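Only one structure is covered here, and it is reproduced in the block below.
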Amino acid sequence: MTHAPLPPIIYSDDYLVAVDKPTGLLSVPGRGEANQDCVATRVQVAFPDALIVHRLDMATSGLMVMARGKAVHRTLSMAFEARQVEKRYVAVVTGQVAADEGAVDLPLITDWPNRPRQMIDHDIGKPSLTRYRVLERLYDRTRVELEPVTGRSHQLRVHMMAIGHSILGDEFYASEDVRALSPRLLLHAQFLRLPHPKTQQPVDYFSEVKF
């Protein structure tokens, strides 16, 4: 049996593995035999004790950290839950973002009839906060750095759409014209800072943006 290629390893030790997830690959197995290929199963070929701590959307590329063993999984899961993990993404969005930096504070909830889409709901949505900073303004688009303070599903995608700057290539939230501007979603998890499960000292991981 030929195994699918291992995602590029950014870092590994006895406690964790940081990998660079390609766009188009699931983080965890999906429903049905055809959707079993994912980051988790590929990494577990080389690191059988590796466990998923957090996920990226299938269309999003970039950094993912997996815990080695159940004890480390508990430690890292608690760090994510306590918001001790700093995450930064790079995206290319449509239009010119006017402010050099800002924040989007809009509550999100699953749009159940249209899963996996999410939507803004001021009555029963969960608090969701995204900070953004302009990196570069181009003619009809803007490169931005995004920091999700909360970690809701599709948060960055919905929040950027909500302020009129959908991410290029976004099949769920961008208009047909904006989707057509890129063959993939231009969203990449570039940076992670977390307390190392052994030392509790902050460690940084970087992944190169290739768009």
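The values are calculated or read from the model by the stated rules, or taken from the named source; none is laboratory data. Every value quoted in this text rests on a predicted model; they were computed, and no experiment measured them. Note that we place each Cβ from the backbone using ideal geometry, even for glycine, and neighbour counts take in every protein chain shown.
Every residue, every condition in (1) closer than 20 Å to G102 by Cβ; (2) aliphatic (A, V, I, L, M); (3) in contact (Cβ under 8 Å) with a residue 40 or more places away in the chain, yes or no:
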{"position": "I163", "(1), (2), (3)": "yes, yes, yes"}
{"position": "G169", "(1), (2), (3)": "no, no, yes"}
{"position": "R179", "(1), (2), (3)": "no, no, no"}
{"position": "L186", "(1), (2), (3)": "yes, yes, yes"}
{"position": "A189", "(1), (2), (3)": "no, yes, yes"}
{"position": "L192", "(1), (2), (3)": "no, yes, yes"}
{"position": "H196", "(1), (2), (3)": "no, no, yes"}
Response to the item:
If we take region 50-145, then strands (runs of 3 or more DSSP E) inside it with 3 or more residues that are in contact with an Asp or Glu (Cβ under 8 Å, 6 or more places away or on another chain), touching a residue at least 24 places away in the same chain (Cβ under 8 Å) and of a type in the set (D, E, K, R) are 86-94
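Is there a residue in region 169-189 that is in a helix (DSSP H, G or I), within 15 Å of V90 (Cβ to Cβ), modelled with pLDDT of 95 or more and out of contact with any Gly (no Cβ under 6 Å at 6 or more places or on another chain)? Steps first, answer last, please.
Step one: of region 169-189, the residues in a helix (DSSP H, G or I) are 176-179.
Pick out the ones that are also within 15 Å of V90 (Cβ to Cβ) and you get none.
Taking every residue of region 169-189 in turn, none turns out to be in a helix (DSSP H, G or I), within 15 Å of V90 (Cβ to Cβ), modelled with pLDDT of 95 or more and out of contact with any Gly (no Cβ under 6 Å at 6 or more places or on another chain).
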Worksheet item: Any idea which of (1) assigned by TED's automatic domain parsing to the domain that holds P183; (2) surrounded by fewer than 20 Cβ atoms within 10 Å (Cβ to Cβ) is the one V92 doesn't satisfy?
Response: (2)
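Checking the structure you have, find out if any residue of region 168-181 is among the acidic types (D, E), touching a Lys or Arg at 6+ places or on another chain (Cβ under 9 Å) and crowded, with 21+ Cβ neighbours inside 10 Å.
Taking every residue of region 168-181 in turn, at least one turns out to be among the acidic types (D, E), touching a Lys or Arg at 6+ places or on another chain (Cβ under 9 Å) and crowded, with 21+ Cβ neighbours inside 10 Å.
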Discussion item. Looking only at region 110-147, count every residue that is within 14 Å of the chain's Cα centre (by Cα) and surrounded by 19 or more Cβ atoms within 10 Å (Cβ to Cβ) and tell me the total.
Written reply: 2
Fill in: Matching residues, region 155-167, being farther than 12 Å from L106 by Cα and surrounded by fewer than 22 Cβ atoms within 10 Å (Cβ to Cβ)
G164
Discussion item. It is to be established whether one or more residues within region 50-68 are surrounded by fewer than 18 Cβ atoms within 10 Å (Cβ to Cβ) and over 19 Å from P148 (Cβ atoms).
Written reply: no
Practice prompt. Residue by residue through region 16-42, note down the ones that are in contact (Cβ under 8 Å) with a residue 60 or more places away in the chain and either in a strand (DSSP E or B) or surrounded by fewer than 17 Cβ atoms within 10 Å (Cβ to Cβ) (or both).
Written response: L16, A18, D20, K21, G24
